[in-house]
1. Kindly indicate which of Gly90, Gly114, Gly81 is assigned by TED's automatic domain parsing to the domain that holds Pro206, at pLDDT 95 or above, surrounded by 15 or more Cβ atoms within 10 Å (Cβ to Cβ) and not in a helix (DSSP H, G or I).
2. Scanning the range 187-225 for residues that are open to solvent by 10 Å² or more (accessible area, probe 1.4 Å) and closer than 26 Å to Val14 by Cα, which turns out farthest from the ligand (Cβ to nearest atom)?
3. Is there a residue being open to solvent by less than 20 Å² (accessible area, probe 1.4 Å) and more than 19 Å from Ala149 (Cβ to Cβ) anywhere in the range 276-298?
4. Which of the residues spanning the range 331-375 are among the small types (Gly, Ala, Ser) and part of a helix (DSSP H, G or I)?
5. Looking only at residues in the range 159-179 that are more than 25 Å from Asp140 (Cβ to Cβ) and crowded, with 24+ Cβ neighbours inside 10 Å, which one is farthest from the ligand (Cβ to nearest atom)?
6. Among the residues of the range 189-204, count how many are within 16 Å of the chain's Cα centre (by Cα) and in a loop (DSSP other than H, G, I, E, B).
7. Which pairs have Cβ atoms under 6 Å, sit 6 or more apart or on different chains, and link a residue in the range 178-193 that is in contact (Cβ under 8 Å) with a residue 40 or more places away in the chain to one that is open to solvent by 30 Å² or more (accessible area, probe 1.4 Å) and away from the ligand (no atom under 13 Å from the Cβ)?
8. Would you mind finding the one in Glu230, Glu238 that is in contact with a strand residue (DSSP E or B) (Cβ under 8 Å, 6 or more places away or on another chain), over 16 Å from Ser145 (Cβ atoms) and not in a helix (DSSP H, G or I)?
Amino acid sequence: MKIRYFDHAATTPVRDEVIKEIIPYLGVEYGNPSSIYTLGRHNKKAVEESRKKVAKAINANANEIYFTSCGSESDNLALKGIMLANKEKGKHLITTKIEHPAILNTCKWLEKNGYDVTYLNVDKTGKISLSELKNSIRLDTVLISIMFANNEIGTIQPIKEIGKIAKANGIIFHTDAVQAIGNVKIDVQDLNIDALSMSGHKIYAPKGIGALYVKNGIKFEKIQHGGHQENNKRAGTENVASIVGLGRSIELIYSEFEEYNTKLINLREYYISQIEKNFKNVILNGDRIDRLPGNANVSFKGIDAGELLLKLDSYGICASAGSACTSGSLEPSHVLLAIGLKEEYAQGSLRVSFGKDNTKEDVEYLINCIKKSVMLLS
Ligand code: PLP
């Protein structure tokens, strides 16, 4: 059976152009970038070229990019690294209730270690309130960490306004842009972003590669000790092949940005219109306008999303639920709870995230399969 993949927010297939670029670094170009002979220097050059590409994509300087192993590591390094290095200013940070666990669980760790965290509420579309943000700022606030776009409901936060508030108050601003990168144009200077996390596997690069941007002049401590790699901020021999892959994929995705963005928006809008046309008790979660181009998260009243996913799987469809399966019962996610979704809708949330190889015909197939499945389950 043909697999129809609608889960690009979970991960993306590695694109051919990226694989082609990576292969030499898994084979003949096996040198260590820290070695001074030619084979090593080739690798060093490849890493630095990739750093430039990542920096260019977000209008940063190459020496502000630190390669990591994933988005989660970038989030850990940003939060722990910045809080540890700036303790003399204070121990308070502000985040939101709808962050990815990479942020929320890092905040829990910081709380256990004597730091203080404020978790901002969101409205029913998933947006924070700028006045609540302003009111949460204290003299000892060091950091604001607010995700660029949510991984479940796709809502994009008012990042420019948040950046302005942070700057006006002398607070460092970090954003988890793992879902936004490649899907939104990001200029860290224009948006006043001091630190930004990204991950390769959401933009057609391999899994196990990420990057953290930290603006020059922002103090942060390393959290992984060892050698002097990554300007002495992240020890460990570089994952050269994947770094090369991340550089190529980010370069490609932004060089095709308009086309990619329009394609995803068209697929998403067609899908949403078909859902609204074919189903009665259904709602769209997240903001109608400020949302990721490829994200559509809808809730079917009274439907069990886990069962729906299994039915869809039997038709070759890969999608995702907004609920976490714990010991057989589907618990609504913290994001759906935070937007105040009613229980009967929260259990039936289906996240579809489109990607570059999806077609309108795929969406028609998807809609037909959802129709058959929902009929069977209701
Ligand atoms: N942050 C967000 C918003 C994400 O969606 C994800 C992954 O889904 C992560 C962080 C973690 O990234 P990684 O899987 O590269 O660790």
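The values are calculated or read from the model by the stated rules, or taken from the named source; none is laboratory data. None of these values were measured; they are calculated from a predicted model. We place every Cβ from the backbone using ideal geometry, glycine too, and count neighbours over all the protein chains shown. For accessibility, only protein heavy atoms count, side chains too; no ligands or nucleic acids. Shrake-Rupley method; radii C 1.70, N 1.55, O 1.52, S 1.80 Å.
1. Working: Gly114 fails: surrounded by 15 or more Cβ atoms within 10 Å (Cβ to Cβ); Gly81 fails: not in a helix (DSSP H, G or I).
The conditions single out Gly90.
2. Filtering the range 187-225 for residues that are open to solvent by 10 Å² or more (accessible area, probe 1.4 Å) and closer than 26 Å to Val14 by Cα, the one farthest from the ligand (Cβ to nearest atom) comes out as Asp187.
3. no
4. Ala338, Ala346, Ser373
5. Here is the first cut: in the range 159-179, the residues more than 25 Å from Asp140 (Cβ to Cβ) are 160, 177-179.
Filter again for crowded, with 24+ Cβ neighbours inside 10 Å, leaving 177-179.
Values: Ala177: 8, Val178: 4, Gln179: 5 Å.
For the range 159-179, the residue satisfying everything is Ala177.
6. 3
7. Short answer, once both residue conditions are applied: Asp187/Asn59; Val188/Asn59; Gln189/Asn59.
8. The unique qualifying residue is Glu238.
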